[in-house]
Amino acid sequence: MRHAALFYNPISGRRKKHRLRDIETVQSILQGAGIEVEAAPTRAASDAAAQVRLAIRDGFDTIIACGGDGTIHDVLQGLAGKDAALGIIALPRSPVAADPATRSPRSSECHAQTNRGWTNRVS
């Protein structure tokens, strides 16, 4: 069974009040696919890289960046050179997000459904 750390920024974007619900939806979908998931809110700006390194050291084999470009960038910095799978689940910032896939309020669910069957590692 995969052991995944789901990193997200709890205070970013315009949908802060929906953030926890989005994260819980993603967790539920991934757990339903047999992936053990632990949510890991980032603690401060650019802190995700250190948190990712600690998660890998603690035995997580999958790292998921759930959020926007800042969260994804910070997670990638911690993942560089490490032996862990990467998942990216984009969360919408607003109803007029540039990516049509993020315009739906259920986009976090769609991304999680799409990414729940990862098999490849990036090295």
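The values are calculated or read from the model by the stated rules, or taken from the named source; none is laboratory data. The structure displayed is predicted, hence computed values, not measured ones. All Cβ positions, even for glycine, are placed from backbone atoms using ideal geometry, and neighbour counts span all protein chains on display.
Listed values, structure above:
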{"item": "Qualifying residue in region 102-109 (condition: crowded, with 22+ Cβ neighbours inside 10 Å and either assigned to a helix (DSSP H, G or I) or at pLDDT below 90 (or both))", "result": "yes"}
{"item": "Selection from region 62-92 of residues that are out of contact with any Gly (no Cβ under 9 Å at 6 or more places or on another chain), crowded, with 21+ Cβ neighbours inside 10 Å and either within 22 Å of ARG21 (Cβ to Cβ) or of a type in the set (Phe, Trp, Tyr) (or both)", "result": "THR71, GLY87"}
